[in-house]
Amino acid sequence: MYDVERVRADFPILSREVNGVPLVYLDNAATSQKPAPVIAALVDYYERHNANVHRGAHALAVEATTAYEEARAKVAAFINAPSPENVIFVRNTTEAINLVAGAWAAERLRPGDRIVSTEIEHHSNLVPWQHAARTSGAELRLLAMADDYTLDLSDLDALLSANARLVALTHSSNVLGTITPVKAITDAARRAGARVLVDGAQSVPHLPVDVQDIGCDFLAFSGHKMLGPMGVGALYVSPDAMEEMGPFLRGGEMVLEVTYADASWAPPPMKFEAGTPNVADAIALGAAVDYLGALGMANVREHEIALTAYALERFRELEEAETYGPADLSIRGGVVSFSLGGVHPHDISQALDSCGVAIRAGHHCAMPLVRSRLNVPATARASFYLYNTEAEVDALVSALKRTLEYFGDADVRKPR
Ligand code: 7TS
């Protein structure tokens, strides 16, 4: 039985107050809070083991290198990568995707090739492909969002039919919560000879993800959204795709031999980790993965489905509210984006903050989706994680009711 109160006790920040009331943290799609073992791993590293990795023979260097490589193995096991060498440490999802754009796409794409992405991407999985298309002469095409906030797959085969080389799609939308059928899309892409990049920023922290089951070539995710520290994330690369990648950054650590005239590359993953890496944060990400593994990702997912169901039910009491996302909770993550009549999302989030409730308002770095497909300038968004409770959903809904009272009927009943 999942004991959310026991989980909460591991997160020191959850016991603090904001504006004189208990913090209700519902901005987990932006970043997650950190449990004590992750914070302890950071402190332990700097108090006892700090040294640069892969280059010293002294005791601290060996300890730091061992712990860093153990963390890589933990992260690899967490997503069922075939081997730790298939996991490259990066700063975040954004850097992971840019690494693929710089090290794979820049080498492989030719004029007339096609990149397929979707209308529901975060800017991090759209802007790099706009640039890759522009610089290579490839064409960027997007799978559309259907009216039920899922991807419209009716165009998939047509989009894949002409020189598709890469499909880059999110596993779970940070705006809609939509969980996409990555496995089916990967199967179709493989048949068409295209590689597949999955943006796992909102899936790896929230549900079981198995790269070998999906069959994708790349999986990008951020440590800070999965209980780990900021500044570390990971890119999984399949063995086949790894062979097609040149280096991304060049310099120390990623070389085998260097002469004044030339250089050769170290084998992966070192080839892609030039310079001193983010050692402490990678080790603490390993501690986060241990924590998630002990809870069980299927349990985390179940908890979030129950909480999202409860939140959507309570939202029905707010007749002014409109929520955006699939009705089918089996394909929806713990994200509830909403509008509240005519109240601007930024006003909603400020009013909620005065009640201790932290949510995000804006375009959520998915400007085309919010503006052109949802047809609103911004949304308010509550996003849940493994430590949130039904009582916190109640606090959110009460605060929204108070917000509606404050802004008054005239404002909120404006026709949209
Ligand atoms: N992809 C998705 C689906 C995301 O939700 C985010 C961050 C990123 C990529 C980028 O992650 P980063 O760690 O490189 O910044 N999403 C959000 C959000 O929804 N609110 O703040 C950040």
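The values are calculated or read from the model by the stated rules, or taken from the named source; none is laboratory data. All of these numbers come straight from a predicted model, not from anything done at the bench. Note: ideal-geometry Cβ built from the backbone for every residue, glycine included; neighbour counts use all protein chains shown.
Can you work out which of the residues in the stretch 225-251 that are small (Gly, Ala, Ser) and surrounded by fewer than 24 Cβ atoms within 10 Å (Cβ to Cβ) is farthest from residue 384 (Cα to Cα)?
So in the stretch 225-251, the residues small (Gly, Ala, Ser) come out as 228, 231, 233-234, 238, 241, 246, 251.
Those still in the list that are surrounded by fewer than 24 Cβ atoms within 10 Å (Cβ to Cβ) too: 231, 238, 241, 246, 251.
Numbers: 231: 22, 238: 31, 241: 34, 246: 38, 251: 40 Å.
Filtering first and then ranking leaves 251.
Can you name the condition, by its number, that residue 344 falls short on among (1) over 28 Å from residue 34 (Cβ atoms); (2) free of Cβ contacts under 8 Å to residues at least 24 places away in the same chain?
Single failed check for residue 344: (2).
Determine whether the stretch 145-152 contains at least one residue that is among the hydrophobic types (A, V, I, L, M, F, W, C), away from the ligand (no atom under 16 Å from the Cβ) and out of contact with any Gly (no Cβ under 6 Å at 6 or more places or on another chain). Working first, answer last.
Filtering the stretch 145-152 for residues among the hydrophobic types (A, V, I, L, M, F, W, C) gives 145-146, 151.
Okay, now just the ones that are also away from the ligand (no atom under 16 Å from the Cβ), so 146.
In the following step, the residues that additionally are out of contact with any Gly (no Cβ under 6 Å at 6 or more places or on another chain) were identified as 146.
Yes; the residues of the stretch 145-152 include at least one that is among the hydrophobic types (A, V, I, L, M, F, W, C), away from the ligand (no atom under 16 Å from the Cβ) and out of contact with any Gly (no Cβ under 6 Å at 6 or more places or on another chain).
Name, by its number, the condition in (1) closer than 22 Å to residue 162 by Cα; (2) within 15 Å of the ligand (Cβ to nearest atom) that does not hold for residue 189.
(2)
With the requirement that a residue be in a loop (DSSP other than H, G, I, E, B) and surrounded by 15 or more Cβ atoms within 10 Å (Cβ to Cβ), what does the stretch 252-267 give you? Give the steps one after another, and end with the answer.
Going residue by residue through the stretch 252-267, those that are in a loop (DSSP other than H, G, I, E, B) are 252-254, 259-262, 266-267.
Listed by number, the residues that qualify are 253, 254, 266.
Considering 325, 341, 362, which residue is on the phi > 0 side of the Ramachandran plot and surrounded by 21 or more Cβ atoms within 10 Å (Cβ to Cβ)?
Details: 341 fails: surrounded by 21 or more Cβ atoms within 10 Å (Cβ to Cβ); 362 fails: surrounded by 21 or more Cβ atoms within 10 Å (Cβ to Cβ).
Selected residue: 325, the only one of 325, 341, 362 that is on the phi > 0 side of the Ramachandran plot and surrounded by 21 or more Cβ atoms within 10 Å (Cβ to Cβ).
Identify, please: which residue in the stretch 157-173 is polar (S, T, N, Q) and more than 10 Å from the ligand (Cβ to nearest atom) and is, among those, surrounded by the fewest Cβ atoms within 10 Å (Cβ to Cβ)? Steps first, please.
Our first condition is that a residue be polar (S, T, N, Q); within the stretch 157-173, this holds for 161, 163, 170, 172-173.
If we keep only those that are more than 10 Å from the ligand (Cβ to nearest atom) too, we end up with 161, 163.
Values: 161: 10, 163: 16.
Among those that are polar (S, T, N, Q) and more than 10 Å from the ligand (Cβ to nearest atom), it is 161.
Quick one: which residue in 201, 220 is in a loop (DSSP other than H, G, I, E, B) and in contact with a strand residue (DSSP E or B) (Cβ under 6 Å, 6 or more places away or on another chain)? Break it down stepwise before answering.
Details: 220 fails: in a loop (DSSP other than H, G, I, E, B).
201 is the lone residue from the list that is in a loop (DSSP other than H, G, I, E, B) and in contact with a strand residue (DSSP E or B) (Cβ under 6 Å, 6 or more places away or on another chain).
Is it fair to say residue 124 is modelled with pLDDT of 95 or more and more than 19 Å from residue 331 (Cβ to Cβ)? Before you say what the answer is, go through the steps one by one.
Details: modelled with pLDDT of 95 or more: yes; more than 19 Å from residue 331 (Cβ to Cβ): yes.
So residue 124 passes the test.
Within the bounds of the stretch 38-56, is there any residue that is in a loop (DSSP other than H, G, I, E, B), on the phi > 0 side of the Ramachandran plot and either crowded, with 17+ Cβ neighbours inside 10 Å or of a type in the set (Val, Ile, Thr) (or both)? Reasoning before the result, please.
Taking the stretch 38-56 as the starting set, the residues that turn out to be in a loop (DSSP other than H, G, I, E, B) are 50-56.
Filter once more, keeping what is on the phi > 0 side of the Ramachandran plot: 54.
Narrowing the set further to residues that are either crowded, with 17+ Cβ neighbours inside 10 Å or of a type in the set (Val, Ile, Thr) (or both) leaves 54.
Within the stretch 38-56 (the criterion being in a loop (DSSP other than H, G, I, E, B), on the phi > 0 side of the Ramachandran plot and either crowded, with 17+ Cβ neighbours inside 10 Å or of a type in the set (Val, Ile, Thr) (or both)), the answer is yes, since at least one residue qualifies.
Only one of 207, 235, 159 is among the hydrophobic types (A, V, I, L, M, F, W, C), at pLDDT 95 or above and over 26 Å from residue 287 (Cα atoms); which? Full working, then the answer.
Details: 207 fails: over 26 Å from residue 287 (Cα atoms); 235 fails: over 26 Å from residue 287 (Cα atoms).
Exactly one of 207, 235, 159 is among the hydrophobic types (A, V, I, L, M, F, W, C), at pLDDT 95 or above and over 26 Å from residue 287 (Cα atoms), namely 159.
Do we find a residue being buried (at least 24 other Cβ atoms within 10 Å of the Cβ), more than 16 Å from the ligand (Cβ to nearest atom) and part of a loop (DSSP other than H, G, I, E, B) anywhere in the stretch 174-186?
no
Do you know which residues across the stretch 268-290 are surrounded by fewer than 20 Cβ atoms within 10 Å (Cβ to Cβ) and assigned to a helix (DSSP H, G or I)?
270, 290
Take the residues in the stretch 13-37 that are of a type in the set (A, V, I, L, M, F, W, C) and part of a strand (DSSP E or B), then tell me which one is nearest to residue 383 (Cα to Cα). Steps first, please.
Our first condition is that a residue be of a type in the set (A, V, I, L, M, F, W, C); within the stretch 13-37, this holds for 13-14, 18, 21, 23-24, 26, 29-30, 36.
Those left that are additionally part of a strand (DSSP E or B): 18, 21, 24.
Working: 18: 18, 21: 20, 24: 11 Å.
Filtering the stretch 13-37 for residues that are of a type in the set (A, V, I, L, M, F, W, C) and part of a strand (DSSP E or B), the one nearest to residue 383 (Cα to Cα) comes out as 24.
I need the strands (runs of 3 or more DSSP E) fully contained in the stretch 68-149, keeping only those with at least 3 residues that are buried (at least 21 other Cβ atoms within 10 Å of the Cβ). Quick ask: steps written out before the conclusion?
Working: elements: 87-90, 114-118, 139-143.
Filter on the stretch 68-149 gives 87-90, 114-118.
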